[in-house]
């Protein structure tokens, strides 16, 4: 059984402040735990948001790789920092919307979880072929970009067809 030490800051961050240790759907619980931090990040100007998310992504490669190495499991389900970053990538679009509504956060969450779970090409291929911290992070980063595109299409559909704006 993998042993996480939440007193170790690397393990604490990699497990999403312990949220990934949930016995029930740790990836989903970890993604939910990323939402309050998203709201803090959303207070930044767009460029600041993007810089922080980019730093979190790059740092996540080392962070997740080190945690996986420490516990001796290549991509343990409790390591959810990648879900944090993937969701923040997805929601970058919402962060830039004036008066962004909580519903778009929920829809972005759903799109991200879908792409993270289903892993369409090339996400699944990268997930199988890449290992270590890069392998842990990259599939969720790509899922975040796929979900961002799906969210953008959802917003476009809503504005165009539901509200009749063009």
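Brief remarks on what is shown
- Answer from 74, 46 - the residue that is within 18 Å of residue 145 (Cβ to Cβ), more than 13 Å from the chain's Cα centre (by Cα) and modelled with pLDDT under 95: 46
- Only residues that are surrounded by fewer than 17 Cβ atoms within 10 Å (Cβ to Cβ) and in a helix (DSSP H, G or I) were counted across region 127-144, and they come to 4.
- Test for residue 106: is it within 16 Å of the chain's Cα centre (by Cα) and surrounded by fewer than 13 Cβ atoms within 10 Å (Cβ to Cβ): yes
- When the residues of region 52-65 are filtered to those that are free of Cβ contacts under 8 Å to residues at least 40 places away in the same chain and surrounded by 19 or more Cβ atoms within 10 Å (Cβ to Cβ), the one that is nearest to residue 76 (Cα to Cα) is 56.
- Hey, residue 6 more than 24 Å from residue 130 (Cβ to Cβ) and in contact (Cβ under 8 Å) with a residue 12 or more places away in the chain or not: yes
- Given (1) surrounded by fewer than 20 Cβ atoms within 10 Å (Cβ to Cβ); (2) under 25 Å from residue 26 (Cβ atoms), number of the condition residue 162 does not satisfy: (2)
- For region 27-51, a residue qualifies if it is crowded, with 18+ Cβ neighbours inside 10 Å and outside any helix (DSSP H, G or I), and exactly one does: 42.
- Any hit, region 9-24, residues being surrounded by fewer than 20 Cβ atoms within 10 Å (Cβ to Cβ), without any contact (Cβ under 8 Å) to a residue 40 or more places away in the chain and outside any loop (DSSP other than H, G, I, E, B): yes
The values are calculated or read from the model by the stated rules, or taken from the named source; none is laboratory data. Everything numeric in this text was worked out from a predicted model, so none of it was measured. As a convention, Cβ positions derive from the backbone with ideal geometry for all residues, glycine included, and neighbour counts pool all protein chains shown.
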